[in-house]
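A.B. asks: Mind looking over this structure? Questions follow.
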Amino acid sequence: MQNERLRAAMSAGGWTHAGLAAMVEVDPKSVERWVNLGRTPRLRTAVRAAEAIGEDVFTLWPKLRQPRAARAVSPELIALHEKRADLPVSAFIDLFAQARETIGILVYAAVFLHEAYPRLNDLLAERAAEGCTIRIALGDADSPHVQQRGQEETFGHGIESRCRLALMHYRPLLGVPGVEIRTHGTTLYNSIYRADDQMLVNAHVWGVNAYAAPVWHLRQAEGSGVFSGYARSFDEVWSTAKPVPEG
């Protein structure tokens, strides 16, 4: 799996594999493996490469960030992050990039994805072309539940404009085979980002914006119902959501 963030950062800075390799004193084949195979270098080498490129090392290689280990309360709980802001956007992008069967996004807006990764639509279209079923559920800006959330977060009408902005970001995907976009007006207790048997669940805390709320990383395991519970909640919201018309 390619490291899209590294590839884009190198391209933007005019870096070649050989040039970056010379700067950090590694073999050019190592840099090629970082980019094309998604390999992660040692921390010291990664830091030097990130400084040369001008990017955050954990954004380029999120595996180097050591999340707080989750206690064995559930075999499905991989990691717990205290705040979504502590999680690099590449963690979401990498999750979607590895999907082979299904991608699900259940949010009010989550415009941070497109803002930090402008190729998100391209990635989703590529996954759909490979056979992935992609469902995107965004908040209905006219829903009283969405508006109430804005008041509770002290953002006022800001959340409504973010919902409309999110729909504008995703609108180019309308009509793409395998991609469906709907709007929902439910009270959203968690934002869910699913890719096959893994998901990132961003809790919603009263009066707190989602970026400051916890995220737990789940992987489906037989005999445990945490993952399936969130999957069912996604399906139930999806069943009530309204398809976004083309045009």
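A.B. asks: Quick one: pull the percent of accessible area on the chain belonging to carbon and sulfur, 1.4 Å probe, ligands and nucleic acids left out.
C.D. replies: 52 percent
A.B. asks: A follow-up question, please. Relative to the longest principal axis of the C-alpha atoms of the chain, give the angle of the C-alpha long axis of helix 158-170, reported between 0 and 90° and rounded to the nearest 10°.
C.D. replies: 60 degrees
A.B. asks: Now a separate question. If the only charges are +1 at each Lys and Arg Cβ and -1 at each Asp and Glu Cβ, what is the size of the charge dipole of segment 1-135 around the Cα centre, to the nearest 20 debye?
C.D. replies: The dipole of segment 1-135 has a size of about 360 debye.
A.B. asks: With every protein chain left in place, what is the accessible area per residue of the chain in square angstrom, probe 1.4 Å?
C.D. replies: Accessible area per residue, the chain: 51 Å².
A.B. asks: Using a/c under 1.5 as the rounded threshold, could you call segment 1-147 rounded, prolate or oblate? The axes a ≥ b ≥ c are square roots of the C-alpha gyration tensor eigenvalues, and prolate needs a/b larger than b/c, oblate otherwise.
C.D. replies: prolate
A.B. asks: Where in the chain lies the longest segment free of chymotrypsin sites (Phe, Trp or Tyr not before Pro) that are both loop residues by DSSP (not H, G, I, E, B) and have at most 16 other Cβ atoms within 10 Å?
C.D. replies: 1-154
A.B. asks: According to the square roots a ≥ b ≥ c of the eigenvalues of the Cα gyration tensor, what is the shape class of segment 72-116, taking rounded for a/c under 1.5, prolate for a/b larger than b/c otherwise, and oblate for the remainder?
C.D. replies: Oblate, since a/c reaches 1.5 and b/c is not below a/b.
A.B. asks: Specify which residue in the list GLY223, VAL237, ILE136 is farthest towards the positive end of the charge dipole of the chain, using unit charges on the beta carbon of Lys, Arg (+1) and Asp, Glu (-1), about the Cα centre.
C.D. replies: The residue sitting most towards the positive pole is GLY223.
A.B. asks: Helix 43-53 against the longest principal axis of the chain: what's the angle in degrees, Cα atoms only, rounded to the nearest 10?
C.D. replies: Taking Cα atoms only, the helix is inclined about 80 degrees.
A.B. asks: Specify the angular offset, from 0 to 90 degrees and rounded to the nearest 10, of the alpha carbon long axis of helix 120-129 from the longest principal axis of the alpha carbons in the chain.
C.D. replies: 80 degrees
A.B. asks: Using a ≥ b ≥ c from the Cα gyration tensor of segment 184-244 (square roots of the eigenvalues), is it rounded, prolate or oblate, where a/c under 1.5 gives rounded and otherwise the larger of a/b and b/c decides, a/b for prolate?
C.D. replies: Taking the square roots of the gyration eigenvalues as a ≥ b ≥ c, segment 184-244 is oblate.
A.B. asks: Once the piece of chain linking SER74 and HIS145 is laid out straight, how much longer is it, given 0.36 nm per residue of separation minus the C-alpha distance between them?
C.D. replies: 22.4 nm
A.B. asks: With the alpha-carbon atoms as the only input, what is the per residue convex hull volume for the chain in Å³?
C.D. replies: Convex hull volume per residue, Cα atoms: 136 Å³.
A.B. asks: Please work out the Cα center distance from segment 5-53 to segment 193-236, rounded to the nearest Å.
C.D. replies: 33 Å
A.B. asks: Taking the Cα centre of the chain as origin, sum charge times position over the Cβ atoms of Lys and Arg (+1) and Asp and Glu (-1), and report the length of that vector in debye to the nearest 20.
C.D. replies: Around 480 debye, computed over the chain.
A.B. asks: Oh, and also: Each residue of segment 96-103 in order: what ³J(HN,Hα) in whole Hz does its phi give by Karplus 6.51 cos²θ - 1.76 cosθ + 1.60, θ = phi - 60°, with x for Gly and Pro?
C.D. replies: Here the 3J(HN,Hα) series is 5, 5, 8, 5, 10, 10, 8, 10 Hz.
The values are calculated or read from the model by the stated rules, or taken from the named source; none is laboratory data. Quantities reported herein were computed from a predicted structural model and do not represent experimental measurements. Please note: Cβ atoms are built from the backbone with ideal geometry, for glycine as well, and neighbour counts cover all protein chains shown. Quick note on the areas: whole protein, heavy atoms, side chains included, nothing else; ligands and nucleic acids left out. Shrake-Rupley method; radii C 1.70, N 1.55, O 1.52, S 1.80 Å.
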